[in-house]
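Student: First, the structure itself, so that you have it in front of you.
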Amino acid sequence: MAIKVLTIQEDILGANDEKAKENEDFLNKSGILMVNIMSSPGAGKTSLILHTIENLKDKARIGVIEGDVASTIDAEKVSEQSIPVLQINTAGGCHLDAYMIEKALKNMPLDDINLLIIENVGNLICPAEFALGEQIKVMLLSLPEGHDKPLKYPLMFTEADVVLINKVDLAPLLDFDTDSFIKAVKGLNPDVKIFQVSCKTGEGMEDWYSWLESQFKSRLSS
Amino acid sequence: MHELSITENILSITLEKAEEAKASRVSRINLVVGELSGVVDECVDFYFTFISKDTIAAGAVLSIQHPPTQLRCRKCNTVYSPDGQDWTCPDCHEQNSEIVSGRDLYIESIEVE
């Protein structure tokens, strides 16, 4: 039988991108700011979320979507703060995708939420490829990971709207070169917003809280 | 590890297009995968063998092209391919470049019978 060549030229992640766009339109219409927090395992995503909740819960109606390969440990920690939390277990999957978020949105009390924080699966590769419909992508890097990460994971640092450098209290113990890190990140992504923080000591966290507050407030008023 | 989702998408787009064309078999899938997409060919091949079983794409050859990463220096506008992880501009030695290509991830064409 004759072989026929069919030209396709179709983006392999096109369906996910379309679903993400639908999610984003829905969130914009509903007046909800969705923030996707991505990092390596252990960089401090859960700590960042817990501190952010504690600081902003009187100012925003916060909800959390927890993405993990397995377990509900993080969701349990978040639910102790008495805010709506939904756990997604990816059962081995290395990232969340727009379909999982669509389903999660249908299962959350959205009338009570105007700031929805997503804790993505700890991984610097795959989450950068899968848009969820978030309006803000936050990348968290902790000092012990080293300042060379932007060179190793350029896509993640190119995609991020905000980079938080966490665990700055460990600086005296480590050889992390903050200037060369910031230079590399800005080189990839000149418009990125960078905060240097320690979730443990609270250093620099006020700037992050006020920035995030200004982001959801500007959305509420628009 | 995101190769499983990617391979599932490759298969579903392929089957949809092959069925539209009333094909009885898919013999080859031509993919374009940029170096920056972080996709490992062997993983895609491995997953494809499993998930395409019992479909008309079973046994199809996956031909994967890897266009090289190209960057443009924001200072001097030189377009260059980086040397591994070193993204420094070869002309002005600045580390301030935007990605021109290397993020591609698409199905170029399929060959069907």
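The values are calculated or read from the model by the stated rules, or taken from the named source; none is laboratory data. This structure is a prediction, so every number in the text was calculated from the model and none was measured. Cβ: placed from backbone, ideal geometry, glycine included. Neighbour counts: every protein chain shown.
Student: For the range B:39-50, enumerate the residues that are under 18 Å from the mean Cα position of the chain (by Cα) and surrounded by fewer than 18 Cβ atoms within 10 Å (Cβ to Cβ).
Tutor: Within the range B:39-50, B:V40, B:D41, B:E42, B:C43, B:D45, B:F46, B:T49 qualify.
Student: Let me ask something else. Among the numbered criteria (1) farther than 19 Å from A:S40 by Cβ; (2) assigned to a helix (DSSP H, G or I); (3) out of contact with any Lys or Arg (no Cβ under 9 Å at 6 or more places or on another chain), which single criterion is violated by A:I182?
Tutor: It is condition (1) that A:I182 fails.
Student: Shifting gears a bit: Any residue that is of a type in the set (V, I, T), farther than 23 Å from B:R103 by Cβ and within 12 Å of chain A (Cβ to nearest Cβ) - is there at least one of those in the range B:37-58?
Tutor: no
Student: Between B:L31, B:L36, B:L62, which is within 11 Å of the chain's Cα centre (by Cα), closer than 26 Å to A:E129 by Cα and outside any strand (DSSP E or B)?
Tutor: None of the other options fit; the residue is B:L36.
Student: Restricting to the range B:13-24, what's the tally of residues that are of a type outside the set (V, I, T) and at the interface with chain A (Cβ under 8 Å from one of its Cβ atoms)?
Tutor: Counting residues in the range B:13-24 that are of a type outside the set (V, I, T) and at the interface with chain A (Cβ under 8 Å from one of its Cβ atoms) gives 5.
Student: Is it true that some residue in the range A:109-131 is touching a Cys at 6+ places or on another chain (Cβ under 6 Å), without any contact (Cβ under 8 Å) to a residue 40 or more places away in the chain and of a type outside the set (G, A, S)?
Tutor: Scanning the range A:109-131, I find at least one residue that is touching a Cys at 6+ places or on another chain (Cβ under 6 Å), without any contact (Cβ under 8 Å) to a residue 40 or more places away in the chain and of a type outside the set (G, A, S), so the answer is yes.
Student: Next question. Quick check: is even one residue across the range A:189-210 among the acidic types (D, E) and within 30 Å of A:G14 (Cβ to Cβ)?
Tutor: Within the range A:189-210, the first condition is being among the acidic types (D, E), and the residues that meet it are A:191, A:203, A:206-207.
Next cut, within 30 Å of A:G14 (Cβ to Cβ) only: A:191.
Among the residues of the range A:189-210, at least one is among the acidic types (D, E) and within 30 Å of A:G14 (Cβ to Cβ), which makes the answer yes.
Student: Going through the range A:54-78 one residue at a time, which ones are buried (at least 16 other Cβ atoms within 10 Å of the Cβ) and out of contact with any Ser or Thr (no Cβ under 9 Å at 6 or more places or on another chain)?
Tutor: A:N55, A:L56, A:A60, A:R61, A:G63, A:I65, A:A75
Student: Being among the small types (G, A, S), surrounded by fewer than 24 Cβ atoms within 10 Å (Cβ to Cβ) and part of a helix (DSSP H, G or I) is the filter; apply it to the range A:95-131 and report the residue that is farthest from the other protein chains (Cβ to nearest Cβ). Reasoning before the result, please.
Tutor: Taking the range A:95-131 as the starting set, the residues that turn out to be among the small types (G, A, S) are A:98, A:104, A:122, A:128, A:131.
Filter again for surrounded by fewer than 24 Cβ atoms within 10 Å (Cβ to Cβ), leaving A:98, A:104, A:122, A:131.
Among the residues that remain, those that are also part of a helix (DSSP H, G or I) are: A:98, A:104.
Numbers: A:A98: 11, A:A104: 17 Å.
Within the range A:95-131, the match that is farthest from the other protein chains (Cβ to nearest Cβ) is A:A104.
Student: Any idea which of B:Q85, B:Q95 is more than 22 Å from the chain's Cα centre (by Cα) and either within 8 Å of another protein chain (Cβ to nearest Cβ) or modelled with pLDDT under 95 (or both)?
Tutor: Unique residue meeting the criteria: B:Q95.
Student: Picking from A:E134, A:E203, which residue would you name as being surrounded by 23 or more Cβ atoms within 10 Å (Cβ to Cβ), of a type in the set (D, E) and not in a helix (DSSP H, G or I)?
Tutor: Answer to the check: A:E134.
Student: Specify the residue that is surrounded by the fewest Cβ atoms within 10 Å (Cβ to Cβ); the eligible residues are those in the range A:8-53 that are within 14 Å of another protein chain (Cβ to nearest Cβ), under 18 Å from the mean Cα position of the chain (by Cα) and not small (G, A, S).
Tutor: Result: A:P41.
Student: Residues of the range A:158-211 being over 22 Å from A:A131 (Cα atoms), basic (K, R) and free of Cβ contacts under 8 Å to residues at least 40 places away in the same chain, which ones? So that I can check it myself, show each step before the final result.
Tutor: Restricting attention to the range A:158-211, the residues satisfying the condition of being over 22 Å from A:A131 (Cα atoms) are A:165-184, A:187, A:195-211.
Adding the requirement that they be basic (K, R) leaves A:167, A:183, A:200.
Correct list: A:K183 only.
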